[in-house]
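Engineer: Supplied in structure tokens, the structure appears directly below.
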Amino acid sequence: MFSVHRKIFLLSIYVFIFSCSRVAADQVPAALWNIKGDSLHVTPASALGKDDKMFDNSLKEVVNDDAKILVFVLDKLSLEDFSASEKPLSQNDTIQNLQKFLDEEKKYMFLSSVKDPLNRIHEVHCGVQEIAMDGSIDENLLSISLAFDKSCVVILHITDVGVVGPRGKMFKPSFKKEYPDIVGIFTGVKSSWAGMNDDHYFSRNLLDSETPDLDADPNFLNFTGCLLAYVENATLGIDNKTIVLPLPYDYSGSECGNVSTLLQMTFKTADEKYSNVVVKFNFTNVMGSYSTQITLETVDVVTDLNAKDLEAPLDFSFSCGNYVLKNKNMTEPILVELTFNRFQVQPFRVKDKFSESFDCVTWFTVPIWMGVFVTLILIVIVNIGVYALYSIHTMDRFDDPKGKTITVAAGVD
């Protein structure tokens, strides 16, 4: 029993450490030093002190001394980056130059874990400039780029191709005489371990701006730059028959607007009776999101289709791998089932390609059911194990060493 409690205790410690590490993944290191002057009072960092509070106090002291702040920012930075070598060359150059410069300066403040330092810097109410540096940062570039007469804080965003100074020589520019005190800060926007970056982020949509040759796809519709739609194939179930709706469709009759948008799909089928099928999507802008009404028109049939799921915020598209639409009123004499495979639409605030989308998946998807099923199995196994442990009992009687020993007579043939 003690062994079981010990395992549970060790598991709790592991979960706690893992949770703390995830929280720490949102923190980034920050280095502060005096580039010119002595406005930053460098003091030894206490192991019991909080880096966030020390960072805020240092900013207040610098601003109270009417000093200027020059911030060098990488997109991703973690404490491990200062000892890692498997990083992009430019980032390695920047960090190695920083380490060499700080070693020469000797007086600097290094905080290993500051939460969102850029937001804290922006809270300094004396003006902030942000400049993206695509090339190598040297003294001449700094002298031209910086304009401390407009603000007390200048933030230089170092991109993947930007390097702070040549290797072996860190920046130490000769600033103008009217800036007697300048404090340097080196930090990052987010942690290297905070999760996938934008280059590896896959949004929940079928198609996006990175989809190759989307404009050349005949199934993709870009109507006057205000309406996007994509359908891979479509079928219509009506009157006990299944009709393939040929693509591309005729979208004449579609209209765009700020309040309402109409997408009209006209399909010319090979069926003799239902040779002309018109599907109308009426999108309406309501309080920052859009809702949809869908109408299908063909010979002797005009019916509204159930489109309660086709809604999303204005900045989003709507996508569905297998979108099935049926009669809104199921008591109609002719039942209609319209199916779109790989369907996506965006009726408002359109850019060059689809924005991130709302998906039509239900609340309980297959992966969620798999997780629930595995969890139930685990709970059953744990309960069986605990029940088995509690069913173990010690013997209620023992042999008496002073009493007569038990003898068993054995017959001999």
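The values are calculated or read from the model by the stated rules, or taken from the named source; none is laboratory data. Keep in mind it's a predicted model, so treat the numbers as computed, not measured. Because the Cβ atoms are built from the backbone with ideal geometry, glycine has one as well, and the counts that use them run over all protein chains shown. These area figures cover heavy atoms from the full protein model, side chains too; ligands, DNA and RNA do not enter into them. Shrake-Rupley method; radii C 1.70, N 1.55, O 1.52, S 1.80 Å.
Engineer: Could you check segment 201-239 and list, in sequence order, the residues that are closer than 15 Å to F318 by Cβ, modelled with pLDDT under 85 and of a type in the set (A, V, I, L, M, F, W, C)?
Structural biologist: Of everything in segment 201-239, those that are closer than 15 Å to F318 by Cβ, modelled with pLDDT under 85 and of a type in the set (A, V, I, L, M, F, W, C) turn out to be L206, L207.
Engineer: Yes or no: V386 surrounded by 10 or more Cβ atoms within 10 Å (Cβ to Cβ), over 30 Å from C320 (Cα atoms) and at pLDDT 85 or above?
Structural biologist: yes
Engineer: Which residue out of T266, T261, T284 is touching a strand residue (DSSP E or B) at 6+ places or on another chain (Cβ under 7 Å) and closer than 17 Å to V336 by Cβ?
Structural biologist: That would be T266, the only listed residue that is touching a strand residue (DSSP E or B) at 6+ places or on another chain (Cβ under 7 Å) and closer than 17 Å to V336 by Cβ.
Engineer: Can you name the number of the only condition in (1) more than 24 Å from C226 (Cα to Cα); (2) loosely packed, with under 13 Cβ neighbours inside 10 Å that E297 fails?
Structural biologist: Single failed check for E297: (2).
Engineer: Would segment 306-315 turn up any residue that is over 37 Å from the mean Cα position of the chain (by Cα) and either open to solvent by 70 Å² or more (accessible area, probe 1.4 Å) or at positive phi (or both)?
Structural biologist: No, segment 306-315 contains no residue that is over 37 Å from the mean Cα position of the chain (by Cα) and either open to solvent by 70 Å² or more (accessible area, probe 1.4 Å) or at positive phi (or both).
Engineer: Can I ask one more? Please go through segment 336-373 and pick out each residue that is aliphatic (A, V, I, L, M) and open to solvent by 90 Å² or more (accessible area, probe 1.4 Å).
Structural biologist: Selection gives V366, M370.
Engineer: The conditions are (1) open to solvent by less than 50 Å² (accessible area, probe 1.4 Å); (2) modelled with pLDDT of 85 or more, and G288 fails exactly one of them. Which is it?
Structural biologist: The one condition G288 does not meet is (2).
Engineer: Looking only at segment 108-140, count how many residues are within 24 Å of S78 (Cβ to Cβ) and either basic (K, R) or at pLDDT below 70 (or both).
Structural biologist: The qualifying residues number 6.
Engineer: Applying the selection to segment 57-77, what residues are open to solvent by 60 Å² or more (accessible area, probe 1.4 Å) and among the basic types (K, R)?
Structural biologist: Once the filter is applied, which keeps residues that are open to solvent by 60 Å² or more (accessible area, probe 1.4 Å) and among the basic types (K, R), segment 57-77 yields K60, K76.
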